[in-house]
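Asker: The structure that follows is given in the form of structure tokens.
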Amino acid sequence: MSALELVPLFSGSSGNSTLIRAGKKNILIDAGRNCKQVCCALDAVGTSPESIDAIFITHAHHDHLDALDVFVRKYPADIYATASTHKYLAKKFKKPHPGAEDIVIVPGREIDLGDGVRVLSCDTPHDAAGSVCYKVMYEGRSLMVMTDLGYVTDDIRAMSEGVDGVLIEANYDKMMLVYGPYPEDLKARIAGDRGHLSNDACAEMVRDMIDKGTTNFILGHLSENNNTHEKAYMTVTQYLERYKLVQNVHYNIAVANRYEPTKGIEI
Ligand SMILES: [Zn+2]
Ligand SMILES: [Zn+2]
């Protein structure tokens with residue numbers, strides 16, 4: 001069985017991109033930061049930018065697409081996104097993108113990339129029109145990227161049931177956000193239903209997913225100002241301990257690096 005692998009290239013409010021290697025296909029979920037940084041990160045994990053077949057964009061926030069315009073002018077990867085996200089990209093980007101095709105995805109409708117690789121999307125509650133998360137399926141296994149969501153909807157819960165691994169958002173520590181430097185309206189937006197998942201909300205979802213058979217987790221999209229690696233990791237693992245769920249016994253959890261690739265999930 002050939003590999004299915006999820007490798008966060010970088011993750012956090014400063015920029016996001018995740019490489020998924022599925023058999024013969026190489027996929028990026030989001031392309032934040034800049035083209036050079038995406039290429040450097042790809043190089044560090046032994047994948048060439050020329051070999052990227054498709055880029056799936058979750059939503060139209062800069063930390064998910066700053067590298068995209070230049071990347072697809074250099075390398076012929078197709079861009080998959082919802083109609084609202086494509087509309088935003090069309091206004092923002094300098095065309096042409098030779099060799100890159102814009103493909104509109106519909107949440108809930110499966111995309112067949114060929115070579116046995118399929119991708120499913122689901123609406124996410126977030127403050128950008130047409131926001132989605134993605135699940136990549138290959139040879140009976142699946143991996144998911146679940147970031148930028150105010151809360152976990154029933155549809156997301158259903159789509160994530162039984163996936164083998166997930167990059168899941170642990171955006172902020174509640175106390176750091178409350179006592180931190182952000183203006184009140186921004187704090188409310190982050191903590192709101194169309195904002196981000198807190199470490200506590202992430203912990204609850206991780207527990208729910210372990211109950212349903214998922215064992216591999218990478219915590220990602222950490223806020224630079226309202227979270228730390230340690231707080232995210234400790235909040236989630238201490239919550240799981242209360243349910244007698246133990247790291248390396250019942251699950252594996254890592255925290256994604258902000259500026260460089262993280263050891264991925266390979267199944
Ligand atoms: Zn984001
Ligand atoms: Zn966002």
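Asker: Looking at the range 40-93, which of its residues are within 16 Å of ligand 1 (Cβ to nearest atom), of a type in the set (Val, Ile, Thr) and in contact with a Phe, Trp or Tyr (Cβ under 9 Å, 6 or more places away or on another chain)?
Answerer: ILE55, ILE57, THR58
Asker: Take the conditions among the hydroxyl-bearing types (Ser, Thr, Tyr), in contact with a Phe, Trp or Tyr (Cβ under 6 Å, 6 or more places away or on another chain) and in a loop (DSSP other than H, G, I, E, B) and apply them to TYR243. Does it pass?
Answerer: no
Asker: Same structure, new question: So the check is Cβ under 6 Å with 6+ separation or different chains; which pairs have a first residue in the range 70-93 that's open to solvent by 40 Å² or more (accessible area, probe 1.4 Å) and a second one that's at pLDDT 95 or above?
Answerer: VAL70/CYS35; ALA83/VAL104; SER84/ALA129; SER84/GLY130; TYR88/ALA60
Asker: Pick out, from the range 70-187, the strands (runs of 3 or more DSSP E) lying fully within it that include 3 or more residues that are within 18 Å of the chain's Cα centre (by Cα) and modelled with pLDDT of 95 or more.
Answerer: Counting at least 3 such residues, we get 78-81, 117-123, 132-138, 141-146, 165-169.
Asker: I'd like the residue in the range 24-44 that is surrounded by fewer than 17 Cβ atoms within 10 Å (Cβ to Cβ) and either assigned to a loop (DSSP other than H, G, I, E, B) or within 16 Å of ligand 2 (Cβ to nearest atom) (or both) and, out of all such residues, is farthest from the chain's Cα centre (by Cα).
Answerer: Step by step, filter the range 24-44, then rank; the result is LYS24.
Asker: Is it true that ALA128 is farther than 21 Å from GLY264 by Cα, open to solvent by 30 Å² or more (accessible area, probe 1.4 Å), within 16 Å of ligand 1 (Cβ to nearest atom) and in contact (Cβ under 8 Å) with a residue 24 or more places away in the chain?
Answerer: On the way: farther than 21 Å from GLY264 by Cα: yes; open to solvent by 30 Å² or more (accessible area, probe 1.4 Å): no; within 16 Å of ligand 1 (Cβ to nearest atom): yes; in contact (Cβ under 8 Å) with a residue 24 or more places away in the chain: yes.
Answer is no for this residue.
The values are calculated or read from the model by the stated rules, or taken from the named source; none is laboratory data. No experiment lies behind these values; they were computed from the predicted model shown. So basically every Cβ, Gly included, is an ideal-geometry build from the backbone, and we count neighbours across all protein chains shown. Note: areas computed on protein heavy atoms with side chains; ligands, DNA, RNA excluded. Shrake-Rupley method; radii C 1.70, N 1.55, O 1.52, S 1.80 Å.
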